[in-house]
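Structure record follows, encoded as structure tokens.
Every number in this text was worked out from the coordinates using simple rules, so none of it is lab data. Because the structure is a prediction, the values reported are computed rather than measured. Here the Cβ positions follow ideal geometry from the backbone for every residue, glycine too, while neighbour counts run over all protein chains shown.
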Amino acid sequence: EALKRWWAEFGNRIMLVLALVICSYGGWQYVDQQQRERAEIASNDYSDMLDILDQQPLGTALETAVGEQIVNAAQDLKSQHENSGYAHLGALAAARVAVEQGDLDTAAAELQWALEHNPDTIKERVVRLRLARVEAARGNFDAALALVQGIDPGALKSLYEEAKGDFYLQQGNTAAAYTAYESALAANQSSDTMISNILQLKISQVKPAETTIETLETDSQEGDSQ
């Protein structure tokens, strides 16, 4: 009798709680399955785009037909998988095609899209650097500098500093370019000697006159002492 009374008082509540738990678990399983399926579709779509890129021999200009296929694939990724990392990669690919075709406005729009759609930290650094290069190519040096300043570039520090140096040099600010190139060389961790050689060449082109004179005087004194 006591159990009947307890059940009469609390039974409906218990059944409601159980129903909510079961529905919540089922809903979570459904959402998780949907996310898995969307991620797999996005991965396949991106893989298809890479297959298209593989049709283009390395070191050759991108063929118009191949470029159109890549752009179409990128737009599909952006529209159908907007919040996925594959959509960001699609935008980067579309921007590359636009740059090769000389369409810097479209390239900037693609990269800006990627930047505004919550990329992860690594992708954001890559997108910022590429967008900055495109803005500089469009003559927007202030916008280019704003994109690479005031953030932590992580492992891309050398590339960021080199980009700053290039932008400052294009503005005619050789002193700032020299400082940036020096920082790029100091941050360079690549084992490729070509990279350090290029940075050394850029430094020599913007080295302050007094630094050059001091170097010459030091070399002369060393020669006299010998």
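Would you mind calculating the gained length between Ser47 and Val17 on full extension (0.36 nm times residue separation, minus the Cα-Cα distance), in nm to one decimal?
Contour length minus Cα-Cα distance gives 6.3 nm.
Distance between the C-alpha centers of the range 170-209 and the range 104-148? Whole Å please.
With the range 170-209 and the range 104-148 each reduced to a Cα centre, they are spaced 22 Å.
With a ≥ b ≥ c the root eigenvalues of the C-alpha gyration tensor of the range 124-210, is it rounded (a/c under 1.5), prolate (a/b larger than b/c) or oblate?
The shape class here is oblate.
Pop a pseudo-label 7 angstrom from the Cα along the beta-carbon direction at both Ala65 and Ala155 and give the gap in nm to one decimal.
In this crude label model, Ala65 to Ala155 measures out at 3.8 nm.
If we count every other residue with Cβ under 13 angstrom of Asn188's Cβ, Lys/Arg +1 and Asp/Glu -1, where does the sum land?
Neighbourhood net charge equals -2.
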